[in-house]
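Notes follow once the structure below has been shown.
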Amino acid sequence: MGARRVAAVAGTLSAALVLAGCGGGSGGDSAAQGTKSRGPITFVTGKDNSGVLPFIAKTWNKAHPDEKVTIKQQSDQADQQLSDLEQHFQAKDPGYDVVTVDVVWTAEFAARGWIIPLTGDYALDTGKLLPATVTSATYNGKLVAAPYGSDGGLLYYRTDLVSKAPTTWDELIDDCAGKTTKGTITGPKPGCYAGQFAKYEGLTVNAAEAINATGGAIVGKDGRSATVDSPESAKGLDFLVKGFKDGYIPKEALGFQETQSLNAFESGQLMFLRNWPYAVAILDGKGSKVAGKYGVAPLPGPSGHGASTLGGHNLGISAYSRHKATALDFLKFIESDTVQRNNLTVGTLAPVLTSMYSDPELTKKFTYLPDLLKSIQTAVPRPITPFYPGVTEAIETNTYAALQGRTSTEKALKDMQAAIKSATAGG
């Protein structure tokens, strides 16, 4: 079953559950199993490209010899991670105790009753966490997951080609004049700008940032109403559409996911790149052609700094776990200063603890932390809806058609609006 097919099925099942009135959680008796029980647990998470998991396993297991954690790493592809979790939850697998949940899956998993609410005996202290991360872990007014890592989009720029970062889209385009090769990254000069424009979840992120920066909105606050067909959205999406048409975004970027876009910047083929904070560790690494020759800044926008899409992951306790008491303690451990500090210093992962963004030791080493905090604080979440698979499919499909030049910006937004309306109606 292909990834897109998986997403479509997920959307259909979600819609059926919600329309059937199961939005409060369908875990039933399973949620009550193992509530007081302790023992070994399994932590299921995506592939560890940042190298932080060995520290987590070693530190936890040393302190909890009778409740050791086994870490199961999934693929590094989000669609495959989602498919794996769906299969194991549908099988009510007690072997998945704590799972990493992309912020956009959180509402759906809670609606299905796959992860338990963190209320009552499972309540977490969220006072030290970034408010945006707490919001991403909340569904129907209840905390349903523990913020694990945050993310905000950042602009990476070549300091050997430009003295300071642009704050507007026009400044970015002007900065490229004479320094870049238009329309491609193959040539004696680098391409101007790229983000993640392949037809996948990353395109939803980039499209949402462009639309939100100009005051547009994709879905209303109710998580159902399609609101994307507007002049504001058209102005935002046009920044990307015109980029390919006018050549300030190279055509190769139509195939860029995070890795391909990062490789292009790291090898000197781009002047500006939109990516996540983890890129710092790679750009400073051995073999990077831009190490020491790049800066990090907030994303530009139409008349000043733009709007980042809120990224990141939460941790959920499976309703089918036999050792939920241990799982809860593991969540608290993940949110501790010890783990969050290691995630930042080893993997340059954005922490969820507010205090770390003003920590003198950390800000001296990671000078971009204040800009990252600003990016996260002003970030706009992707639609919080149990219909998310259908919504993101609508965004990706129609944005990609516009970027390819197969349809106009206006027609793409009208089609996107209709597809979102159908998805949130369960169609």
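Listed values, structure above:
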item: Under 5 Å, built H, 5+ apart or other chain: amide partners of VAL219; result: THR227
item: Equivalent-ellipsoid semi-axes of region 188-232, from the Cα gyration tensor, Å, largest first; result: 27, 13, 7
item: q = 0.18, 0.19, 0.20 Å⁻¹, region 281-427: log10 I(q)/I(0) [Debye, one scatterer per Cα]; result: -1.15, -1.18, -1.20
item: Kirkwood Rh and Cα Rg combined as Rg/Rh, region 33-139; result: 0.95
item: Reachable lysines, given that their alpha-carbon falls under 17 Å from the alpha-carbon of LYS221 and they are not under 8 places away in the same chain; result: LYS142, LYS421
item: For ALA307, distant residues with modelled amide H under 5 Å away; result: ALA213
item: Positive-end residue of PRO386, LEU353, GLY312, charge dipole of region 312-387 with Cβ unit charges; result: PRO386
item: Heavy atoms of VAL44 accessible to a 1.4 Å probe, total area in Å² rounded to 10; result: 0 Å²
item: Projected-area mean, region 138-295, by convex hull of Cα positions, square nanometres; result: 10.7 nm²
item: Contact order relative to length of the chain, as percent, for alpha carbon pairs under 8 angstrom and 6 or more apart; result: 27 percent
item: Along each principal axis, Cα extent of region 322-402, largest first, Å; result: 46, 43, 20
item: Alpha-carbon centroids, region 63-117 and region 367-387: separation in whole Å; result: 23 Å
item: Per residue accessible area of the chain, 1.4 Å probe, in Å²; result: 40 Å²
item: Principal axes of region 68-191: Cα extent on each, largest first, Å; result: 60, 32, 29
item: For q = 0.16, 0.31 Å⁻¹, Debye-computed log10 I/I(0) when each Cα of region 103-160 counts as one equal scatterer; result: -0.53, -1.38
item: Whole-Å distance, taken between Cα centres, linking region 235-312 and region 127-191; result: 7 Å
item: Relative contact order of region 155-255, defined on C-alpha pairs under 8 angstrom at six or more residues apart (%); result: 31 percent
item: Highest-fluctuation residue, GLN81, GLN90, GLN404 considered, GNM on the chain with Cα pairs under 10 Å; result: GLN90
item: Candidate lysines - alpha carbon under 22 Å from LYS164, same-chain residues fewer than 8 apart omitted; result: LYS179, LYS182, LYS189, LYS289, LYS293, LYS364, LYS365, LYS374
item: Helix axis angle, 409-424 relative to the chain longest principal axis, alpha carbon, degrees; result: 10 degrees
item: Partners for LYS68 among aspartates and glutamates (Cα-Cα distance below 18 Å; same-chain residues under 8 apart left out); result: ASP97, ASP329, GLU335
item: Fraction of accessible area attributable to carbon and sulfur, region 295-427 (%, probe 1.4 Å); result: 54 percent
item: Zone residues, region 127-143, relative to THR35, backbone N less than 18 Å from point 7 Å out along Cα-to-Cβ; result: 142-143
item: Folded to 0 to 90 degrees: helix 337-347 orientation relative to the chain principal axis, Cα; result: 40 degrees
item: Surface share of carbon and sulfur [accessible, 1.4 angstrom probe, percent] for region 30-187; result: 49 percent
item: Spatial extent of region 127-218: Rg and Dmax, with the Cα atoms as the point set, Å; result: 17.9, 54
item: Residue-wise HN-Hα coupling along region 79-87, computed from phi with Karplus coefficients 6.51, -1.76, 1.60 (Hz; x: Gly, Pro); result: 4, 6, 4, 4, 4, 4, 5, 4, 4
item: At 1.567 mPa s and 4 °C, Stokes D of region 62-117 from Kirkwood alpha-carbon radius, µm² per second; result: 102 µm²/s
item: Cα convex hull of the chain, projected area averaged across orientations, nm²; result: 19.5 nm²
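The values are calculated or read from the model by the stated rules, or taken from the named source; none is laboratory data. Bear in mind that the values here come from a model prediction, so they are computed numbers and not experimental data. Please note: Cβ atoms are built from the backbone with ideal geometry, for glycine as well, and neighbour counts cover all protein chains shown. In case anyone asks, the SASA skips ligands and DNA or RNA and just uses the protein heavy atoms, side chains included. Shrake-Rupley method; radii C 1.70, N 1.55, O 1.52, S 1.80 Å.
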